[in-house]
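Chemist: Pasting a structure below so you can have a look.
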Amino acid sequence: MKTKLIHFLKLVFPSTYTEVAVFLFFITCYGILGSYIALNYRIIFDSRIPWDAYFSFDNKSILMTGGSFERHPLSYYFFNWIREFSLFISGGKMDANFRLTLAWLSNIIITLNIVQVFKYLKNIIRLPLSLNVLIILFFGVFSTNIILSFTPENFTYTLFLLSLYNHYAAIKLRKQEKTPTAALSLAVIGIGGLTITNLVKVFIPVFFEKGLFRDWRKVGNAVLRGAIAIICYALLYLNRIDFKYQNIFSKTNQQYEKFSNVESIPTWDMILSFFFGGNILFPSFIISDKHNMKGFSFKALYMESYSSVFSYIFVGILLALISWSYCKNFKNKWVQIIMISFFVDMIIHCVMRFGLHTSYIYGGHFVFVYPLLIGWLFYAYRSSPRISAFLTLTVALLFVYLLTNNWYRMSEFFWFLETYYQ
């Protein structure tokens, strides 16, 4: 038990000097950003604003209730702990110290997410340190990571859990070991409990276990592990709603109708600007008038579709890189796991159109895919200096553009805070 605990801690937290350096760098950057926002503005938590203050995140609603049970089945319990811990630190007041605690919890979780991606690049793909640093810096300035680094939301914790589980599952596959029942059940409860659509992603690595379909006993074992995980999850879910399972279907249909019938922007533009782009490269913003249904009016900030051709070029190049990586590494089981997971989100948002008009907020479900696929692309051409140099230059240029754009857009975000949320 002691050995397993040590291995778990080494998996989750930085365990080498380079990992500690990555952690310290990003916790400093995100910490300064989050602390400044928490201490000077009320945007992170305002008891009068239940949802949509910025980019459709539901800070207050999530913190107080965990979100809707049909989409976030078990997050109610998780956010009870988050809220009570933050209240304990702030002395029971929902003030600047309360916001600061929430911001720092998000800082730490998103930084640990960065560390998990770095560990994957280092331990699974085994790239040189210089390439790891370039890719992780690129990933670190994704708009999703920047926003979630101070946002108390389901997506913040889901992003970390998904990147952690992908790293863990990759280690198990490299060692040609199966995912234990306990780990599979915890992943189902944690990941699926925060957002139900991510439930299927937990089982994807199981299908790639060595020799699974060549031995009926291994198939039976995998089915048994999966069944135990699902039963545990289902019992907790049903207990959450007092076993009134009919509510799941009615509420799910209501949510789908509400978030899948928006025609204000062409579908192709929403896919590029919001699903593939907005969670990485900030577009321009638009301010909207909102109210909390109880007489309080406030200003909300949303993302628009891209207005610059350079933004579309950026997204096009990035999609070309990950598509190239997938084709080049098609027989690589680790790449297949990553892409199948990504396809799940594409089907939900791009094909079924659920939340497509605000799909930039769903980046917490999949943005870690981009640095991992770029890493596998570098791996595929590790013996080709020319192509490696070309890829390095391309990613470096994308990083410079991304950093410049997102820095500028964050200055606009601060103008919004200064104007409406002091």
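Chemist: Could you go through the stretch 6-13 in sequence order and give the Karplus-derived ³J(HN,Hα) for each residue, using 6.51 cos²θ - 1.76 cosθ + 1.60 with θ = phi - 60°, rounded to whole Hz, and x for Gly and Pro?
Modeler: 5, 4, 5, 5, 5, 5, 6, 9
Chemist: Oh, and also: Under Stokes-Einstein, with the Kirkwood radius over Cα pairs standing in for Rh, what whole-number D in µm²/s applies to the stretch 271-422 at 20 °C and 1.002 mPa s?
Modeler: For these conditions, the coefficient is 124 µm²/s.
Chemist: Amide H of PHE298 versus every other amide H placed in the peptide plane: which residues, excluding those fewer than 5 positions away on the same chain, fall under 5 Å?
Modeler: LYS290, HIS291
Chemist: Would you mind pulling out the separation of the Cα centroids of the stretch 376-409 and the stretch 1-23, in Å?
Modeler: 28
Chemist: Over the chain, what is the relative contact order in percent, taking alpha-carbon pairs closer than 8 angstrom and at least six residues apart?
Modeler: 21
Chemist: Ok, one more. Run the Debye formula on the Cα coordinates of the stretch 13-145, all scatterers equal and no solvent, and tell me log10 I(q)/I(0) at q = 0.14, 0.15 1/Å.
Modeler: -0.73, -0.82
Chemist: Count neighbours as other Cβ atoms within 10 Å of each site's Cβ, and list the chymotrypsin sites (Phe, Trp or Tyr not before Pro) in the stretch 298-397 that are DSSP loop with at most 11 such neighbours.
Modeler: Filter output for the stretch 298-397: PHE330.
Chemist: Now for a different question. Cross-link list LYS10/LYS122; LYS4/LYS218; LYS119/LYS172; LYS10/LYS60; LYS244/LYS294: which exceed 26 angstrom alpha carbon to alpha carbon?
Modeler: LYS10/LYS60; LYS244/LYS294
Chemist: Comparing PRO283, PRO385, PRO14, which has the greatest mean-square fluctuation in the GNM of the chain with Cα pairs linked when under 10 Å apart?
Modeler: Comparing PRO283, PRO385, PRO14 in the GNM, the peak value goes to PRO385.
Chemist: Now for a separate question. Helix-derived [θ] at 222 nm for the chain: sum -39500 (n - 2.57) over DSSP H runs of at least 4, divide by residue count, nearest 500?
Modeler: -20500 deg cm²/dmol
Chemist: Anyone know which of ARG382, ARG353, ARG83 comes out most mobile in the 10 Å Cα GNM of the chain?
Modeler: In this elastic network of the chain, the residue with the biggest mean-square fluctuation among ARG382, ARG353, ARG83 is ARG382.
Chemist: How large is ³J(HN,Hα) for each residue in the stretch 382-390, as worked out from phi by the Karplus curve 6.51 cos²θ - 1.76 cosθ + 1.60 (θ = phi - 60°), to whole Hz, x for Gly and Pro?
Modeler: So the J values, rounded to whole Hz, are 5, 9, 10, x, 5, 5, 4, 5, 4.
Just so you know, all these numbers are worked out from the coordinates, no wet-lab data involved. Since the structure is predicted, the reported quantities are computational estimates derived from the model, not experimental observations. Glycine gets a Cβ as well: all are built from the backbone with ideal geometry, and neighbour counts include every protein chain shown.
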